[in-house]
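Data first, discussion second: the structure below is written as structure tokens.
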Amino acid sequence: MPDEQPYDFRAVERSWQQRWEREGIYVVREGDARPRYYVLEMLPYPSGDLHVGHAKNYSLGDAIARLQRMRGYDVIHPMGWDAFGLPAENAAIQRGIDPETWTRQNIENMQRQIRLMGTSYDWTREFATCDAEYYRWNQWFFVRMFEQGVAYKREAPVNWCPVDQTVLANEQVENGRCWRCGAAVERRNLAQWNFKITDYADRLLAGLDRLVGWPERIRTMQRNWIGRSEGTTFSFDVEHVEATIDVYTTRVDTVYGVTFLALAPEHPAVAKIIERFPKARKRIEEFAASLRSKSELERTQLMEKTGIPTGAYAINPLSRERVPIWVTNYVLAEYGTGAVMGVPAHDERDFDFAKAHGLPIMQVITTLDGSLQSPLSEAYVEDGKLIASEEYTGMKSAVARRAITARLEALGRGRATVAYRLRDWLVSRQRYWGTPIPIIYCPEHGAVAVPDDQLPVLLPKAVKITGQGSPLANDAAFVQTTCPTCGGPATRDADTMDTFVDSSWYFLRYLDPHNAHAPFDRAVAARWMPVDQYIGGAEHAVLHLLYARFFYKFLVDAGYAEGDDEPFTRLFNQGTLLRGGEKMSKSRGNVVGIDETVETYGVDAMRLFLLKAAPPEDALEWTDEGIVGRVRFIQRVWRAAEPLAAASGAVALDRLPELRGPWQRELVRALHIALDSGRGETATRRFHYNVTTAKLDELVNLLTAAIREPGAATDPALLYTVHALPIVLAPFAPHLADELWSRMGYAQSVHLERWIETDPAALAVDEITLVVQVNGKVRARLVVAPGIGEEAVFDLALREPSVTAQIDGKQVRKRIFVPDKLLNIVAA
């Protein structure tokens, strides 16, 4: 056998990355007749430096892309940058560096690192969302939404981050704190731009049922966030005041148990009430003022439930009972109607409030057997049977809800209503580093959209960023402009868009990234959409994924896109990478860098470890021992295959070789098991390449043993296996695979070859082990031929002393036979 050459992973990996780039083998060409496949990892933010936790995600996506290409698909696998956002602005404040400079430097470094990983991205499609050529189309879409009434401006209480000095959408408030910096969120009234995502609530909900390729927990999270409920909206008159108060409830069957109404301080009826009942004015106004800085979470969950009695009473539309009206801290004006009917006996929050303020607790629901009686020690919140409810007494809750709603409708006081937890998407941000909102305010014509031929509205350069307020609002050269309609003096909107707008359609721009006349060509998009496989973290379940689904539905409705209105057919959530039991992060000091890992161990070793050590959806603990094990694996492959590379290239791969004995059959079978695993994990979208790489370990173990057999260097089965080895390695260790393939005499990259189809004959076995049980306990294992019948197995079993000892003197009452697996003898 020829002398082996040492494997220089640094030289090999650098050489092949340069060649792949030079030859453009991953660039998608127009006119390719193969079936299309779109695989996409979520757009990364250019934070500056990648670590091996990022590599875990990109290694998975790259393995999928490579395997699908080899399986005969025309694969598009693009990469770009979610480049706008607060970190760049914070860098400008803390370090005195321009946000664009900081961002571009980070992109340059991260692009270098991702290329270093040997990924198969089509870099001709790369863009950053801070490119004017990209955000021009953000603005264009905004104008289209403005024209169609989907984008609108209104004054409302908003979530305000006092540190980042900007408005946050509801989805960006986590446990009462800013999702970016962790500061406690406050409430303020501001005029803000919104997108009418609520108009799409039913479609967003219905579409989830079609997304069977998404994790169920993600679909559940989106269903809960949309929060559809069916109930009744009805009104109370206010005694001695020209006002009515609407309430929404899913439990109208408890209407006879209402003992108070709770209003938000901002409810319009409050002003009328305190005008008629001025005695409580001062207390109510002070109470309202005390809540203006409180976040939604504080008011609804964290604060003690309290309030101020207004002195006014409402009239129950059915019982005609007078109930006191309170202004409370836990009812919000922007949720529902801004008013809640208080039913202490059947709502936990109302029960606590009534106990604290000495309000009546009137039970109107009991258990179906009538055993639950007043006084209640806690609220009874389940359905049951109505009591003390006039003609509805004795009805079951569900029946009563329909009957009471019908009665309120007949009286003209109510209606059946569908409500949602989802609120419109607030997109205004008081920041610099984002897409300027393309609206001009004219004293004569009001809000006017910037004409298409004046887009993009460019971000001005050299803007002073202090972290206090809106930088653009303080730039007179930017703000002062002329009205597109009349040419008179006007001002620009000084806000920028929520950066989630950038990531809500980027997957379409990848398909046509150099189009200067449209965001993308509709026909081009139709050929590739929807995305076949989307990969990213579960932390994006509500924010990005919900917004992107809404945005795409708008595009389909407006005729800019066509076909199904769901953009992502399948979604895969990768697990996190841990070190020392904790997620990798700079703040914890447990980061392992990509550069140092590649320099020490090599790209292929890193990729193999990240793919092999755990299923991709699970958390994975980084260990030096683990990656060293993959280095050893690569060296074993090289020592076994490289000396035989030239000879093996002459052995055909389109048919099975001659199998001269047991070790040859076992070796070729192991090869086809690995091939079948790679195919199966991809086709089923499980992507458990940890299983496939484990099969590669078994294959290389057998190969290492086989080369020691007499005559192995010329054995057809061994040479066939060595020849096929680069193909089965290619998605996981792409550099090693191409190096071996080239040494077999090929000029074309192995990544342009077809995956070898599994041959059933190769997987066939001569013998199997069949388990024999007696009364469910294993008593023997028989080595038999595949396909053996039940009677033959029973005859063989009766020759085993361990079996006969268990049935001696007993009658065989039943036999349970699973072909090629098990025989269970039931004896008594």
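The values are calculated or read from the model by the stated rules, or taken from the named source; none is laboratory data. Since the model is a prediction, treat every value here as computed from it, not as a measurement. Neighbour counts run over all protein chains shown; Cβ positions are idealised from the backbone, glycine included. The accessibility values were calculated without ligands, DNA or RNA, using every heavy atom of the protein model including side chains. Shrake-Rupley method; radii C 1.70, N 1.55, O 1.52, S 1.80 Å.
So the values come out like this:
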read-out: Flag for Val783 being without any contact (Cβ under 8 Å) to a residue 12 or more places away in the chain, in contact with a strand residue (DSSP E or B) (Cβ under 8 Å, 6 or more places away or on another chain) and within 27 Å of Ile673 (Cβ to Cβ); value: no
read-out: Residues that are under 19 Å from Ile404 (Cα atoms) and in contact with a Phe, Trp or Tyr (Cβ under 6 Å, 6 or more places away or on another chain), drawn from the stretch 366-387; value: Leu386
read-out: Flag for Ser15 being in contact with a Pro (Cβ under 7 Å, 6 or more places away or on another chain) and among the small types (Gly, Ala, Ser); value: no
read-out: Hits in the stretch 144-165 (condition: over 23 Å from Glu296 (Cβ atoms) and either among the aromatic types (Phe, Trp, Tyr) or touching a Ser or Thr at 6+ places or on another chain (Cβ under 7 Å) (or both)); value: Phe146
read-out: Breaking point among (1) at pLDDT 95 or above; (2) more than 38 Å from the chain's Cα centre (by Cα), for Thr328; value: (2)
read-out: Total residues in the stretch 351-370, condition free of Cβ contacts under 8 Å to residues at least 60 places away in the same chain and either open to solvent by less than 80 Å² (accessible area, probe 1.4 Å) or aliphatic (A, V, I, L, M) (or both); value: 8
read-out: Of all residues making up the stretch 129-173, the number that are closer than 20 Å to Asn90 by Cα and either modelled with pLDDT under 80 or within 27 Å of the chain's Cα centre (by Cα) (or both); value: 14
read-out: Residue that is over 28 Å from Leu571 (Cβ atoms), surrounded by fewer than 19 Cβ atoms within 10 Å (Cβ to Cβ), in contact (Cβ under 8 Å) with a residue 60 or more places away in the chain and not small (Gly, Ala, Ser), where the choices are Arg685, Arg639; value: Arg639
read-out: Cβ pairs under 7 Å, 6+ apart, first in the stretch 496-507 and assigned to a strand (DSSP E or B), second charged (D, E, K, R); value: Thr496/Arg429; Thr496/Arg431; Met497/Arg429
read-out: Conditions (1) farther than 23 Å from Glu539 by Cα; (2) assigned to a loop (DSSP other than H, G, I, E, B); (3) open to solvent by 40 Å² or more (accessible area, probe 1.4 Å); number of the one not met by Val651; value: (3)
read-out: Long-range neighbours under 8 Å by Cβ, at least six apart or interchain, first residue under 22 Å from Thr769 (Cα atoms) within the stretch 799-824, second of a type in the set (Phe, Trp, Tyr) and outside any strand (DSSP E or B); value: Arg815/Phe794; Leu823/Phe794
read-out: Subset of the stretch 431-454 [open to solvent by 20 Å² or more (accessible area, probe 1.4 Å) and in a loop (DSSP other than H, G, I, E, B)]; value: Pro443, Glu444, His445, Pro451
read-out: Sole exception among (1) surrounded by fewer than 17 Cβ atoms within 10 Å (Cβ to Cβ); (2) modelled with pLDDT of 95 or more; (3) outside any helix (DSSP H, G or I) for Ile97, by number; value: (2)
read-out: Answer residue from the stretch 470-495, given it is in a loop (DSSP other than H, G, I, E, B), closer than 24 Å to Phe141 by Cβ and among the charged types (D, E, K, R) and is nearest to the chain's Cα centre (by Cα) among those; value: Asp495
read-out: Long-range neighbours under 7 Å by Cβ, at least six apart or interchain, first residue more than 16 Å from Ala55 (Cα to Cα) and modelled with pLDDT of 95 or more within the stretch 27-44, second polar (S, T, N, Q) and open to solvent by 10 Å² or more (accessible area, probe 1.4 Å); value: Val27/Thr124
read-out: Among the residues listed as Asp32, Asp82, Asp74, the single one being of a type in the set (D, E, K, R), surrounded by fewer than 24 Cβ atoms within 10 Å (Cβ to Cβ) and farther than 26 Å from Ala747 by Cα; value: Asp82
read-out: Selection count, the stretch 554-612, where residues are within 25 Å of Gly629 (Cα to Cα) and assigned to a helix (DSSP H, G or I); value: 18
read-out: Residue in the stretch 130-138 that is in a helix (DSSP H, G or I), out of contact with any Leu (no Cβ under 9 Å at 6 or more places or on another chain), more than 16 Å from Val450 (Cα to Cα) and open to solvent by less than 20 Å² (accessible area, probe 1.4 Å) present; value: yes
read-out: Selection from the stretch 595-614 of residues that are closer than 25 Å to Leu740 by Cα and open to solvent by less than 20 Å² (accessible area, probe 1.4 Å); value: Thr597, Val598, Gly602, Val603, Asp604, Ala605, Met606, Arg607, Leu608, Phe609, Leu610, Leu611
read-out: When residues of the stretch 376-410 are limited to those that are basic (Lys, Arg) and part of a strand (DSSP E or B), the one farthest from Val258 (Cα to Cα); value: Lys396
read-out: Looking only at the stretch 713-764, and only at residues there that are touching a helix residue (DSSP H, G or I) at 6+ places or on another chain (Cβ under 7 Å) and without any contact (Cβ under 8 Å) to a residue 24 or more places away in the chain, the one that is farthest from Thr692 (Cα to Cα); value: Trp741
read-out: Some residue of the stretch 487-499 being modelled with pLDDT under 95, surrounded by fewer than 18 Cβ atoms within 10 Å (Cβ to Cβ) and over 22 Å from His544 (Cα atoms); value: no
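Every residue, every condition in (1) modelled with pLDDT of 95 or more; (2) among the aromatic types (Phe, Trp, Tyr); (3) over 22 Å from Pro662 (Cα atoms), yes or no:
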residue	(1), (2), (3)
Leu725	yes, no, no
His735	yes, no, yes
Asp738	yes, no, yes
Ser749	yes, no, yes
Leu782	no, no, no
Thr804	no, no, yes
Asp808	no, no, yes
Gln811	no, no, yes
